[in-house]
Amino acid sequence: MEYSNDVLKKVQLAWSSHKDATALSQARAAKAMGMNQSAFSQYLRGTIPLNTDFLTKFTAFTGLELSDFGASSDTVPEKPLRVLTTLSGRKPTNPSVLVQTILECDESYFIEVDYDDFGLRKGSMLLVNPKGNVRDGDRVVYLRKKGQPIVFGELSETEEGWEILEQLWQGGRRYLVDPKDDVFRVVSVYNPQARGRKFR
């Protein structure tokens, strides 16, 4: 399904507002949504027509609703995805999260972001595909030996081997990948809708 210019204007305004609030670049936002910066820019300019797939990723990233853009949630099915663990290795807040997605996620799972010194909001979910190919420059999770926190970062090939640069606001450490440990690609980031507290 394609959407009108009115929807495009709403997306452009929403992006402008989100960018001002978070100071994120187009490239970082595109990466968080699992696309390259060029494609994201083309969607925002209208060169690539908006579609439900893009709007689903965009609303998950910004925390908005599909209905804010004239898309019916009836067109996108809800699927429960399991939350395997948290980045710090603690038990997740919920064992699964119900998400609206048109993506096939049979083998995929979430890892919950559970601390604040991070480029993503606490409560964000990293969608991990354990079957996907991992390439230089991919955002990945590094599952180290039991008892050690999971590392989320960007994978790069160096003379010493594969290395992961942790993605924290204040910069991050570099980890040389042990071939015995697992490295999986982060396909996307999902931001569950924020819910306010009830005060009595």
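The values are calculated or read from the model by the stated rules, or taken from the named source; none is laboratory data. Remember, it's a predicted structure, so these values are computed and weren't measured experimentally. Glycine also receives a Cβ, built like all others from the backbone with ideal geometry; neighbour counts cover every protein chain displayed.
Name every residue in segment 151-189 that is under 21 Å from the mean Cα position of the chain (by Cα) and among the small types (Gly, Ala, Ser), in order of residue number.
Hits for segment 151-189 are Gly153, Ser156, Gly171, Gly172, Ser188.
Please find, within segment 1-14, the residue that is nearest to Leu120 (Cα to Cα) out of those that are touching a residue at least 40 places away in the same chain (Cβ under 8 Å) and surrounded by 14 or more Cβ atoms within 10 Å (Cβ to Cβ). Break it down into steps so the answer makes sense when it comes.
As a first pass, look at segment 1-14 and keep what is touching a residue at least 40 places away in the same chain (Cβ under 8 Å): 1-8, 10-11, 14.
In the following step, the residues that additionally are surrounded by 14 or more Cβ atoms within 10 Å (Cβ to Cβ) were identified as 3, 7-8, 10-11, 14.
Working: Tyr3: 29, Val7: 26, Leu8: 25, Lys10: 23, Val11: 21, Ala14: 18 Å.
Looking at the filtered set, the residue picked out is Ala14.
Collect the residues in segment 28-58 that are modelled with pLDDT under 90 and hydrophobic (A, V, I, L, M, F, W, C), keeping them in residue-number order.
Ala29, Ala30, Ala32, Met33, Met35, Ala39, Ile48, Leu50, Phe54, Leu55, Phe58
I'm trying to understand the selection: among the residues of segment 29-68, which are crowded, with 16+ Cβ neighbours inside 10 Å and of a type in the set (D, E, K, R)?
Lys31, Lys57
State which residue is modelled with the lowest pLDDT when the search covers only segment 135-166 and only residues that are over 22 Å from Tyr115 (Cβ atoms) and surrounded by 13 or more Cβ atoms within 10 Å (Cβ to Cβ).
Restricting to residues being over 22 Å from Tyr115 (Cβ atoms) and surrounded by 13 or more Cβ atoms within 10 Å (Cβ to Cβ), the top hit is Asp138.
Can you run down the residue pairs with Cβ atoms below 8 Å, 6 or more apart or on separate chains, where the first is in segment 50-66 and assigned by TED's automatic domain parsing to the domain that holds Gly34 and the partner is among the charged types (D, E, K, R)?
Leu50/Glu2; Asn51/Glu2; Thr59/Glu65; Thr59/Asp68
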